[in-house]
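The values are calculated or read from the model by the stated rules, or taken from the named source; none is laboratory data. Treat the numbers as computed from the prediction; the structure is a model and nothing was measured. So basically every Cβ, Gly included, is an ideal-geometry build from the backbone, and we count neighbours across all protein chains shown.
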């Protein structure tokens, strides 16, 4: 007499799980690639702007990469007298 505990997994279920895992991984990589390309394009476009245009949008050349990455602190400076 044999007793089986738990659910049995058929051989057909395993490849499907692997494929779905591969699809999720590929989508993640693709989105990361597209995000990197869009950020790089934004950096190139901002570097192509004049200093005056950058000043108009509140940016300096040295802070372009930080702005594109979202690392800038947008809170106004508070002066303490």
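The criterion of being at pLDDT below 95, surrounded by 11 or more Cβ atoms within 10 Å (Cβ to Cβ) and out of contact with any strand residue (DSSP E or B) (no Cβ under 9 Å at 6 or more places or on another chain) does not hold for residue 22. Before we move on, is residue 46 at pLDDT 95 or above, touching a helix residue (DSSP H, G or I) at 6+ places or on another chain (Cβ under 7 Å) and assigned to a helix (DSSP H, G or I)? Taking the combined requirement at face value, the residue satisfies it. Whether any residue in the range 51-59 is outside any helix (DSSP H, G or I) and exposed (fewer than 11 other Cβ atoms within 10 Å of the Cβ) is what I want to check. Yes - at least one qualifying residue is present in the range 51-59.
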